[in-house]
1. Go through LEU134, ALA27, VAL67 and say which Cα lies farthest out towards the positive end of the charge dipole of the chain; charges sit on Cβ, +1 for Lys and Arg, -1 for Asp and Glu.
2. In terms of the ratio Rg/(2.2 N^0.38 Å) built on C-alpha atoms, what value belongs to the stretch 26-104?
3. How about the stretch 76-172: which trypsin sites (Lys or Arg not before Pro) there lie in a loop by DSSP and see at most 14 other Cβ atoms within 10 Å?
4. With respect to the cross-link table entries LYS20/LYS143; LYS116/LYS168; LYS20/LYS82; LYS17/LYS143; LYS79/LYS145; LYS69/LYS89, which display a Cα-Cα separation exceeding 19 Å?
5. Output needed for the stretch 138-190: three equivalent-ellipsoid semi-axes, defined as square roots of 5 times the C-alpha gyration tensor eigenvalues, in descending order, whole Å.
6. I need the P(r) histogram for the stretch 2-70: all alpha carbon pairs, bin width 5 Å from 0 out to the longest distance, whole percents.
7. Taking the inverse of the average 1/r across all pairs of different Cα atoms in the stretch 74-207, what Kirkwood radius in Å do you get?
8. Once the piece of chain linking LYS17 and MET111 is laid out straight, how much longer is it, given 0.36 nm per residue of separation minus the C-alpha distance between them?
Amino acid sequence: MRDVRQIIAENLIELRKVNKLTQLELAEKLNYSDKAISKWERGESLPDVEILCQIAELYGVTLDYLVNKDHEEATQEYKISKERANVSKTIITWLSVFSAILVVVLTYILMLTISKTNLWILFVWMVPLCSTILLIFNCIWGKRKYRYIILSILMWSMLASFALQFMKYNIWLIFILGAPGQIIIFLISRLGYLKRKGQSKMEKDSDK
């Protein structure tokens with residue numbers, strides 16, 4: 001039983017690291033505590049069959065993969081598959097962004113050609129639009145550390161867009177809202193950093 005626990009523990013560690021997840025992030029996905037994840041990875045306890053099935057589905061592997069040790073070829077194929085999946089996600093994200101840019105440019109050209117209206121403001125609003133798309137994809141499969149940068153860009157570009165859209169009303173004071181907004185984003189990012197730092201320390205302690 002000890003050997004089986006150790007095999008599963010090693011496979012769980014490898015799969016989690018290949019997928020670039022912390023124990024806390026994995027725990028959130030499985031609705032378990034990070035302490036339980038830590039015990040599984042140290043071989044101190046064994047997840048039940050239902051949880052093993054959930055883990056296998058999460059990582060896109062079979063139960064046989066989780067409980068067996070000699071699968072170097074399968075591991076290599078899995079890593080290659082994950083790399084391809086990551087490349088595909090990046091391509092899909094930027095394809096969506098540039099599709100939005102294309103729509104804005106085409107709309108500008110059509111309006112300029114048909115009605116002789118110079119809607120230059122469309123290019124201003126294009127920035128928060130692209131930022132929103134990036135934020136959505138980042139929340140789905142991106143890294144959390146980039147989320148706060150995208151949020152900052154989105155907030156300031158939105159303020160700039162409103163200020164330029166309604167500049168005849170002289171609403172430049174709207175940028176004052178950016179100060180508390182940026183502080184809030186910074187504080188949220190610090191909370192996330194401290195949480196990840198504490199989790200990283202726990203992982204290092206568990207490896208000793």
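1. The one lying farthest along the dipole's positive direction is LEU134.
2. Cα-based Rg divided by the globular estimate yields 1.52.
3. Those that pass, being in a loop and sparsely packed, are LYS116, LYS143.
4. Listed pairs above 19 Å: LYS116/LYS168; LYS79/LYS145; LYS69/LYS89.
5. 26, 13, 5
6. Calculated over all Cα pairs of the stretch 2-70, the distribution is 3, 19, 33, 32, 12, 1 percent.
7. After inverting the pairwise mean of 1/r, the radius is 18.0 Å.
8. On the way: separation 94, 0.36 × 94 = 33.84 nm, distance 5.04 nm.
Stretched fully, the LYS17-MET111 segment lengthens by 28.8 nm.
Quick note: the coordinates plus some simple rules give every number you see, no bench work behind them. Just so it is clear, the model here is predicted, and its values are computed rather than measured. As a convention, Cβ positions derive from the backbone with ideal geometry for all residues, glycine included, and neighbour counts pool all protein chains shown.
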